[in-house]
Structure formats: structure tokens, C-alpha cells
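Derivation of every value follows stated rules applied to the coordinates shown; laboratory data play no part. Keep in mind that this is a model prediction, so the values were computed, not measured. Counting neighbours? That spans all protein chains shown, and the Cβs are built from the backbone with ideal geometry, glycine included.
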């Protein structure tokens, strides 16, 4: 979308569908956010490692997706999470996901970190995403937010050398495998 964006306008999914395919966009509360340029290699490695682990784990009976896939929460909120899991197959459409995933994983990047930690966390909570992971690639840890009584509490922190039990999927992920590291023997 090479045109200047009107700050006063509230954009919808229908507006989004008319935009230039050479760029990636998200809309949060009707406000557009440009997702270009592409993320760094480490970001993509972490997202890919999570995607492969979740997609190939025999305990996961749900659909596992990766960006760029549109997740349409409502007409004013369209996001492209790095990795997501949807257990309700009725939400999976030919062109997108309609409704909140059960699990969303966002790998933080300098250009999107504040949006992921503030705006996206707020809408994920609002739309009922049960489990939200924020991955810090350079610091090599993650935060998990779990939805209880329609609210996210304080995050749980997991270091790269710890196992992570995904509550929404009842499965364990060895984070050292995600971060491509080898824990030292104890």
C-alpha cells in the first residue's frame, strides 16, 4: 500500500483485501501496522522451530499455522501471528482463520516489540486467546500469558534451557531445541 495512510480512518478487513500484495499489514482496532521489512534470520529460525515442533508432535491434534496467514478476529482486527494453533476446525477457512486461536506465539523484533507486548496482547486477551507466548530472541527466554477469568495475569518466564508445558495443548516443548542450544549437563 504505497499511499499515505489516513490517521483518522478506521480500516476494516475489506479495506485490507484491496491493499498491495508486496507489503504485509496487520490491522489492530482499525489502525494499520506495516509488517515490512522481513524479520531477521534468528527470528525466522525460532518461529520455524516452534512451528515444526507443534506441527509434527503426535500429541497435537490441532491445526498449526505460521505467518503470513491472516487471523481475522473481527472486521477491525486482522493479525498475522508468527505461529498459532487452532483447535476448533470450524475457524479454519480457505483464505484465513476466523476467530481466536488457542495458542499464539510472537517472536519479538525491534520494530514490533511494543505492538506485540501492548496492542496485540490486549486484543488477544479481549478475543480469548488462551495462551500467548512472547519470545525474546536475543535474550533467549520467553514469557507466557495464560487467560483466566477473561484476563491475562502476570507472565511466567521460561529460560532457553527449561522445558515449557503448553497448557492449551497439554504437551511439553524443550526450549533448548527451539533455541538451537545444548544445555550443560548438571
key: Average Cα contact separation per residue, the range 104-186, under 8 Å, 6 or more apart, as relative contact order %   = 20
query = For the chain, how big is Rg over Rh, using alpha carbon atoms and the Kirkwood form of Rh?
reply = 0.96
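Based only on other Cβ atoms within 10 Å, what is the fewest-to-most ordering of 62, 87? Present the calculation step by step, with values, prior to reporting the outcome.
Working: 62 20, 87 15.
Starting with the residue having the fewest Cβ neighbours, the order is 87, 62.
State the extension gain, in nm to one decimal, for the chain segment bounded by residue 69 and residue 170, taking 0.36 nm per residue of separation less the distance between their alpha-carbons.
Stretched fully, the residue 69-residue 170 segment lengthens by 33.9 nm.
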query = For the chain, what's the relative contact order in percent, using C-alpha pairs closer than 8 Å and at least 6 residues apart?
reply = 15
key: Residue order, fewest to most surrounding Cβ atoms within 10 angstrom, among 27, 123, 97   = 123, 97, 27
Fraction of antiparallel bridges per DSSP, the chain only, in percent to nearest 5 = 80
message = Suppose the chain between residue 87 and residue 181 were pulled fully straight at 0.36 nm per residue; how much longer would it get relative to their current alpha carbon spacing?
response = 30.9 nm
